[in-house]
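Scroll down for the structure; my scribbles are underneath it.
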Amino acid sequence: MHPDVFAAAALCVDAKKQNADWVQDRLPTAGLEGWAKKRLRKEDVIVLEASGNSFEVAARLHALGHTAIVLESAQAGKIRDNFCNDDRHSAVKLAKVYRSGLAKEVWQPDARTREHREVFFAHRNAVKDATRCRNRIRSFLNEHCVRLKPGVRLSEPAGEATAKAAKAWTALQNELLGEAFEQLRQAETRRKKLERLMVKELVANPRWASLWRLMGIRHRVAFALMAMVGDAHRFATAKKLVGYLGLAPRKTQSGNDKKGHDGGVGKFGRGEVRGLLIQSAHNALIERQSPWHKWGWRLLVKKHRNQAAAAIARKIAVAAWHLLMGHFTPLLEVTDHLRTKLLRLATVLGKEAIRSLGFADREAFLQAQIKSIQLSP
């Protein structure tokens, strides 16, 4: 599938028949529904390779009553010939790969989960934009030997005033600084708006909001898990969720090497969520109140700090799975840490957003969230 055109091939279920029944190329993507009604049968299985628009195409085919399956692109791409790699031949190869059973099927998120993922990636881009704007301002100041004191927040009006008062800038330089700070304000405004949207969605989903019980999980991590995991019940065990996030250590063993060697974590799984969980794990090594603090430091004596952080991140993921499955008991005591976390979430929302949700003030929002968490199974 491409944004404008697509190629399709039909293969028989019988693996002995290698040739395609028919192959079509350069078909308009806009006319997908009309083509499907004309060429496809209800019992056909449509196989797509994972790409930017594969979930949308699958949803359009599901709406017509067809069965559409999305295959993992990395796995399907390994089984290819190096010659004549065009759309017509790729469509035939994709059908053969699915028929062989060697390709992995990708879980297709529902429409709401896809929206959550769009919000999550939009927030990531806003954070990147804000970081780039800060770095450009600091680079500009560094070119003129201007060094701001630690603690100066460039996104605040006081930070902009400090930077502009640090030197006698020319008119052109003032224009450049003003433009750079304006870009930073726009990126920060967009980031804060998306974070408010995250908190609102979590408040509307009490099961996912119950993750706030866990130390190290606030709105960013909880929303990332909600966006990427979608339906937590599709993971039969906590170990499967750990593997999906890429937090399970890899091991390589072959031949006479009986023991093999560990390859660590990373290079597979959902790296976006894994990175956030590892950040939470590093914070747990610093925060003495964290339930994983002592365990992590006992491991830190034997292992590298990054290995200890990855192990703590695994524990957080396992705890999150059990909480989502309803294996935790109702919350009996509200700790100072949880109360502070909920108050910070109220600060992220702001007064107008809190009132739009039906709460009179921060304290009313706090009590409502505590009650929701206490009643969560």
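The values are calculated or read from the model by the stated rules, or taken from the named source; none is laboratory data. This is a predicted model, so every value here is computed, not measured. Cβ coordinates were reconstructed from backbone atoms using ideal geometry, including for glycine residues, and neighbour counts include every protein chain displayed.
Scan ALA126, ALA95, ALA161, ALA171 and give me the residue that is under 30 Å from CYS12 (Cα atoms) and aliphatic (A, V, I, L, M).
Working: ALA126 fails: under 30 Å from CYS12 (Cα atoms); ALA161 fails: under 30 Å from CYS12 (Cα atoms); ALA171 fails: under 30 Å from CYS12 (Cα atoms).
The unique qualifying residue is ALA95.
Only residues that are within 26 Å of the chain's Cα centre (by Cα) and either hydroxyl-bearing (Ser, Thr, Tyr) or surrounded by fewer than 21 Cβ atoms within 10 Å (Cβ to Cβ) (or both): list them for region 284-313, please.
Listed by number, the residues that qualify are LEU285, ILE286, GLU287, SER290, PRO291, HIS293, ARG305, ASN306, GLN307, ALA311.
Could you grab the pairs with beta carbons closer than 6 Å, sequence gap of 6+ or different chains, first residue in region 13-31 and closer than 16 Å to HIS2 by Cβ, second one loosely packed, with under 11 Cβ neighbours inside 10 Å and not aromatic (Phe, Trp, Tyr)?
THR29/ASP4
Considering region 19-29 alone, what residues qualify as being of a type outside the set (Gly, Ala, Ser) and surrounded by 11 or more Cβ atoms within 10 Å (Cβ to Cβ)? If you could, list the steps in order and put the result at the bottom.
Of the residues in region 19-29, the ones of a type outside the set (Gly, Ala, Ser) are 19, 21-29.
Listed by number, the residues that qualify are VAL23, GLN24, ASP25, ARG26, LEU27, PRO28, THR29.
Taking region 5-14, which residues are touching a helix residue (DSSP H, G or I) at 6+ places or on another chain (Cβ under 6 Å) and assigned to a loop (DSSP other than H, G, I, E, B)?
Across region 5-14, the qualifying residue is only LEU11.
Report yes if GLY326 is in contact with a helix residue (DSSP H, G or I) (Cβ under 9 Å, 6 or more places away or on another chain), within 23 Å of ILE373 (Cα to Cα), assigned by TED's automatic domain parsing to the domain that holds ASP231 and without any contact (Cβ under 8 Å) to a residue 12 or more places away in the chain, otherwise no.
no
Kindly indicate whether any position in region 349-368 is over 26 Å from ARG190 (Cβ atoms) and outside any helix (DSSP H, G or I).
There is at least one residue in region 349-368 that is over 26 Å from ARG190 (Cβ atoms) and outside any helix (DSSP H, G or I).
Taking the conditions exactly as written (outside the structural domain of ARG117 (by TED's automatic domain parsing), closer than 19 Å to VAL242 by Cβ and either touching a Phe, Trp or Tyr at 6+ places or on another chain (Cβ under 8 Å) or of a type in the set (Lys, Arg) (or both)), does ARG298 satisfy them or not?
no
Of these, LEU331, LEU366, LEU345, which one is crowded, with 17+ Cβ neighbours inside 10 Å and more than 13 Å from VAL203 (Cα to Cα)?
Answer to the check: LEU331.
For region 201-212, name all the residues that are assigned to a helix (DSSP H, G or I) and surrounded by fewer than 17 Cβ atoms within 10 Å (Cβ to Cβ).
Answer for region 201-212, where residues must be assigned to a helix (DSSP H, G or I) and surrounded by fewer than 17 Cβ atoms within 10 Å (Cβ to Cβ): PRO206, ARG207.
How many of the residues making up region 329-355 are within 17 Å of SER210 (Cβ to Cβ) and among the acidic types (Asp, Glu)?
1
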